[in-house]
Structures are given as C-alpha cells and as structure tokens.
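Just below is one structure, and these are the notes that go with it.
Throughout, read-outs are computed from the coordinates displayed, never taken from laboratory work. Predicted model, so just to flag it, every value in this text is computed and none were measured. Please note: Cβ atoms are built from the backbone with ideal geometry, for glycine as well, and neighbour counts cover all protein chains shown.
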Amino acid sequence: MGERVTQWILIAGAGAAVGALSTAAIMSIRSRSKQRDGYVRSLLESNGAAGGGAGSNIRPRVVGSSDLLDDEVVSEQLTRNIQFFGMESQKKVTESFVVVIGLGGVGSHAASMLLRSGVGRLLLVDFDQVSLSSLNRHAVATRDDVGTSKALCLKKHFSMIYPECQIEAKVQLYDPSCEEEILSGQPDFVLDCIDNIGTKVALLAACVRRGLRVLSAMGAGARADPTRIRVADLRESSYDPLSRAVRYRLKKDHGIEGGIPVVFSLEKPKAKLLPFQASKEEETPSDYQIVPGFRVRIIPVLGTIPAIFGQVMASYVITQLAKLDFQTEPIVNLDLDHYRVLHHRLLEHEELIYGSAEQVLVDAEEVMYIVKELWHGRSARDQNLKDTGRKMWRSVSELMLVRWDKSKPAGVSNLILLKFNEADAHESTTLDRIKEEEPEFYTMVSHVLERAEAEFIL
C-alpha cells in the first residue's frame, strides 16, 4: 500500500512538473507571439498601411534587404522557402528587384506570389482600375477596392502581407516614352502581363535591347484546361494566337525572332470575343476606349486560368532568381507511333553495327523520354530553336538514336539523337577525338547524359 502511495505521489509530481514546463512553454510562446504581433503592427503603422484606404499614400519602409533574413519574423514567414532553397539561395530572392507590368488576373497573382516568396523590391505598373467584373480573377482585390487603381490596390494589400518589401506603385500605361522610368535601376526580372499587342511588343523589345531578363504571359482568356499551360521560348508557342501576333510584330519591327520565355496554353480558345454592343446607334467601339488603340470587346475569362498563369510565372522567376536549375517540358507533340519508329530504327542500327540488339536497354516509352526530355526532338548537334512547329516534325523523320559511348550498352544515359549523316560520322570517330576537336559539344552531351543518369538513378 505504501509503495502504491509513493508511486502516485511520484506520478503526480512528474505530472505537475510536466504541467509547469508546458505552462512555461506556452507562456513563452504567447509572450513571443505578442512581441511579434506588436512588431508586425508597428511595421504596418510605419508602412502607412494600418487603417489606410485604397488610395492612401503608403510609404514603403526602407529596409536593408541583405539583413531581412536575419529578422526573426521575416525568417519565420519565409521558413518554408528557406527550407526549400537553402539560406543562400533565398537571400538571392530577398535581395532581388522585380518589375511587374500589367496587374490584372495574371499580373496580380504573379506579383502576389513574388511578394509571398520574399522578393525584396517590387515595382508594380498598371494604368487601369479594379472593376467588379475583375474580382473573379484578381489575386487580392475586394469590393471595397472597386474603382481604385490596380497598382495602389496591390500595394495596400501587399504592405499587410510582407511590410518589409519595398513596393513602388505606378499608375500609368507603359509605352516607349516611359521606358527609362520603368526599366531603369537594373531589375533582376521583368514580368510582362500586358494584354495589348502594341505595348507588349514595345516592352519586350526594350527588355531585349537592354539585356534584361523578361518573362511574358500570352493569352489566358477563353481557356479552361490547366494541364495545357507551358513555359517555352516564344518561337515554340505556335498554338497561341496572341503569341503568333507578338512574334510577327517583334520580327517585323525589331528583328527579334525568339529568345524570350513565355507562358502560354496549348489549348485552343474555348470562346470568342463578345460582340460590341453600343448603347446608342451612333456610337463606335473607339468611343469606349480608355486608351486609344486598346481592345474594347471583351474576352470571356475563367478566373482560374489567369491565376495559374500568374502562379507559373512567379514560380519560374523565383527559381531563376534562386538559381535553382530545372528543365521546362519541351514542346514536342509526337505521338507514340513516332517514338516506336525511332525505337525500331535503333534496333535495326544495333543489329547492323553490333551484330545484335541485345544491348538495347530501352523501350518505346524510354525513347520518348530521351527524344523529348533530353534532346527536345532535335539532333544533339542542333540544340537551337529554329525548327519549330511542322518544320520540326518533318525533321524527326531524318533522326535516329545511336550510342554516345560505343563501349557501353544502348541505355537511357548513353543514347544521343542525330541526323542520319551525323550518325554515320559519329560511328566512324571516337569519344577522345570528339573531346579533343569539339570540347564544347563533348561537354554539352556529357552534361545531358549525366542528367539522365541522375533522373533514372542509374
């Protein structure tokens, strides 16, 4: 009996000790939480956001971006990004300066995720206002924001999400006359979310001329399928009508044929421009233009698609800023029969050169990975983007897979795609000779095949 009493006393004592420790821990957390709440509140007040309306003159706090991640609140807010990228890569994001032009459905979501990912300085540019009909796709706007500038609306909301970000909002239309004002200061990235062809082309041409990294959004309206959204070079976005028009104007007016990454959809538009309806017989579409030359007719928009476009843009830019290397999915729309032909061609070549196909370690699906993911549907000796669309598909009929290193089996990490005449030349030379005479080509192929080895864990 005495032993049981002793046990109960020990258990009660241990429970009291644990309870005391738990209470102390909770009180400590509450204390720190209150301190942080007070800190954040003071940041908001100093940023002019507390109680301010959409048109408030909000002054961004001037904070040393290199020190931001040393701050307890900021580092905790960005802790998931830090865990993903690592501290040094996240610092690159935090110290970056990004310009977002066009703050509608696409631009507002892109800017919002750039902010939430810790970009240290943002310049937001748009001449337009928040409307009731734009609430189906805008990232942060509410009914209280209707009628206010999109740029100032974002700045107001953003200052309550990440007050340390230096945010400048410009309520103006981008055109060549304001190029220096908008693009000076060496931004690390420019996001083109403009839906007017003329100003879009002018902005892209200016970025190319200045050597600025730019990512452009193509048509997001009248689409519904999120699985068809891609990032590729402008030259590869042959499915999108807006891309086609931008490509034509850039080449015709500025001699630019590509080299600009774009976000676009492979989906054909599901709806057409709504017809113009005037309230009076004598009215014309130009009577309704806010800015001369801008579209008046309305494109039906499913709000989710512009939002996804914006999220894709933000993800692309953030990973580029953090220097996280990844390969975007190439636009190679061959069907499985094409890959079966290439696989059969490989088997025949192996029997001809090596006497049997026993050392072919790939099937048609793995051939698809090699052709599409590694070589982008092009010869290893022609890894440029000149051949796109139908021209590229025709060129596939002249290609075949051969071993890179003839002493190793024909596996995923030892096959290169070449034209017939290039394959013949490759079979008659050695790797040592290629390494000596074509070091850049040798290094490029080696890196591609190393990637295949890593991805297949070979």
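A few comments on the model shown:
- Backbone HN-Hα couplings from phi across the stretch 171-182 [Karplus 6.51/-1.76/1.60, Hz, Gly and Pro as x]: 8, 7, 8, 6, 8, x, 5, 10, 4, 5, 5, 7
- Gyration tensor (alpha-carbon) shape descriptor, the stretch 141-274, a/c threshold 1.5: oblate
- When only alpha carbons are used to place a centre, the stretch 108-130 and the stretch 342-367 end up 51 Å from one another.
- DSSP-loop trypsin sites (Lys or Arg not before Pro) across the stretch 298-368, with at most 14 other Cβ within 10 angstrom: 323
- Within a straight-line Cα-Cα reach of under 13 Å, residue 435 can be paired with the following aspartates and glutamates, leaving aside sequence neighbours fewer than 8 residues apart in one chain: 405.
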